[in-house]
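Here is the structure we will look at, set down as structure tokens.
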Amino acid sequence: MTFDSQSIEDLLHPTEQKEGEETLPDGQSTVEKFEEKMKEVRLKEKETETEGRAKTAGFPYINLKGFPISPEALQLITKEQAEQHGVIPFIYTGTDIRLGSKNPSDEVIKELLYQLQERTKSTSGGIYHISEESFRIGLKAYDLLPKIKKIIKGVNITEENLHRFESEITSYTDIQKVIDQASVSDIMTILLAAGLHFKTSDIHVEAEQQDIAIRFRIDGVLQDVATVHQELWKQMVSRIKLISGLKINVIDKPQDGRFTIYLKSGNTDVRVSTIPTTWGESVVMRLLRPGSIAVEFSQLGYRKNAEQRLIEEMKKPHGMILTTGPTGSGKTTTLYAILRQLNKSDVKIITLEDPIEYKLEGVNQSQIDHTKQYTFATGLRSILRQDPDIVMVGEIRDLETADIAINAALTGHLLLSTLHTNESAGAIPRLLSMGVKPFLLAPAINAIIGQRLVRTIHEDCKEEITLTPEDLEKVKTILANIAENSGETIPPLESLKFFHGKGCEACNHTGYKGRIGIYEILVVNDVIKTALSSDLSEQQMKELAHQQGMVTMTQDGILKALDGITTIEEVFRVIGS
């Protein structure tokens, strides 16, 4: 489209309307009409430039204006991924995928097409050069997509695939056999299906000098399950990043993402973490299975006296109950079990979590978002205005959060939270070191739970064993130190019996199946409140707790070993004694 000089002059400086001259029917001014036409000219010129660049680079060209973009194609990747990579999927027939890209020669786009073809089993595909305007049109199509069909973000592992893999994989060694005959996309499905089958908490995919090591963390212990040839590494990590919403071309910085496995039995969220290493990247996929933390309070594994002490503190209308322990010690599971126990129709419960790992019916759960300055501290301030009876804060990390939490406990709220200390006795010194005032701690804290998770003996292969003289002497010393006022009945030290699992096919020859908690519960009674001061050490707290009859985690673990629930070896491994 072209304009002569007189036409442009007439549009910019219109003369008086001549008799019989028509006005613009759409009510648009002549200046607006001119600007619109000039915009059309510029867009047409840019499309021509893009088409020329496509020919020079050897790529096909397409203009998406007016093109019927396939909703099924858009569903192949999310809008966020499209914006990140500058790409629009515009055709998907089930066997053919076509992508439009502003930078079609980018290796990331080629890898993306490959991964999409692998995932969908498509036999053909192509990359087209598109202009910035076509890209904008494609992004606008995403806004219409939810009205057509919901986007599924994640990996859809069918029940059929799971059953097939379950029949092929009965032990860890079977995983290697199946992987050796699988494609890259199938490897991902196999790993996720096997991870669910073996109740894995984390899948580790680690690039090494010769091969790719794959390890599962099962019942808290890492197990080597398979290796994959090094030449498949790039495709594997690209596949993981693609479905996790991570940047495929970023390999020198840590990244965090997530995706969802959709199953009829319930969705499983997978949190993905990558960090650069010497030979590539280390990738860890944490499987957040709802059933893994859906444990009832009665199933946590408290001994009768300890459970009764904790229940008494839970009945109080205000104060703080803290759980302590390292990452992976079951703190969140304990808090959820306590919330389920307290969840009645006459109380309002609000949680502040990072992230929300399990949905609790009847509980108002809120997830923090650091990108929006919605932190534990700011969130806690807000939810206290919601008139809750019970508040759960995922973790106390700093003085600001600690101060707000303590004030909430002092103003009529029961507050539950976690703290990263190794033992319950370390919680109060830790809070004091943050800067919390001692005179506020004393009336605020009801109880502190220290905990670990130990593997339980597989019942089908359990047998009695004899301890070494050194271990037996250590056990007798620990049992002899249990406080007289603990309420525990100690068996005669001369007739102690211990067990282990000898190992069988069903437990993959580990001798263990499942885990249970070992605990210590420090009740902050009047004696401890009186002793609180800014220079109170962890050792002093231990002595005070012992005087009040607290059973330590080590002692609780040994008592569970005497009950045939776990082994002495496992207790010492977890506690570090």
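Things to note:
- Gly487 meets all of the listed conditions (1) surrounded by 14 or more Cβ atoms within 10 Å (Cβ to Cβ); (2) modelled with pLDDT under 90; (3) under 38 Å from the mean Cα position of the chain (by Cα) but one, namely (3).
- Condition check for Asp556: surrounded by 19 or more Cβ atoms within 10 Å (Cβ to Cβ) and closer than 23 Å to Glu312 by Cβ: yes
- Selection within region 321-343 - closer than 23 Å to Val221 by Cα, in a loop (DSSP other than H, G, I, E, B) and at pLDDT 90 or above: Gly325, Pro326, Ser329, Gly330
- The set of residues in region 344-358 being in a loop (DSSP other than H, G, I, E, B) and under 17 Å from Gly412 (Cα atoms) consists of Asp346, Val347, Lys348.
- Looking only at residues of region 76-114 that are closer than 19 Å to Leu145 by Cβ, among the hydroxyl-bearing types (Ser, Thr, Tyr) and surrounded by fewer than 19 Cβ atoms within 10 Å (Cβ to Cβ), we find that the one that is farthest from the chain's Cα centre (by Cα) is Thr93.
- When restricted to residues that are without any contact (Cβ under 8 Å) to a residue 60 or more places away in the chain and among the charged types (D, E, K, R), region 52-71 contains 1.
- The helices (runs of 4 or more DSSP H) falling completely within region 1-111 that include 1 or more residues that are hydrophobic (A, V, I, L, M, F, W, C) and either in contact with a strand residue (DSSP E or B) (Cβ under 8 Å, 6 or more places away or on another chain) or modelled with pLDDT of 85 or more (or both) map to 30-57, 71-74, 79-85.
- Selection from region 472-502 of residues that are in contact with a strand residue (DSSP E or B) (Cβ under 9 Å, 6 or more places away or on another chain) and of a type outside the set (Lys, Arg): Leu472, Val475, Phe498, Phe499, His500, Gly501
- Restricting region 365-401 to residues that are free of Cβ contacts under 8 Å to residues at least 24 places away in the same chain and assigned to a strand (DSSP E or B), the residue that is nearest to Asp269 (Cα to Cα): Gln367
- Filtered residues of region 244-253 (kept if at pLDDT 80 or above and closer than 24 Å to Arg289 by Cα): Ser244, Leu246
- Every residue from region 216-246 that is over 18 Å from the mean Cα position of the chain (by Cα) and not hydrophobic (A, V, I, L, M, F, W, C): Gln223, Asp224, Thr227, His229, Gln230, Glu231, Lys234, Gln235, Ser238, Arg239
The values are calculated or read from the model by the stated rules, or taken from the named source; none is laboratory data. Computed from a predicted model, the values in this text were never measured in an experiment. Cβ sites come from the backbone with ideal geometry, for glycine too, and all protein chains shown count toward neighbours.
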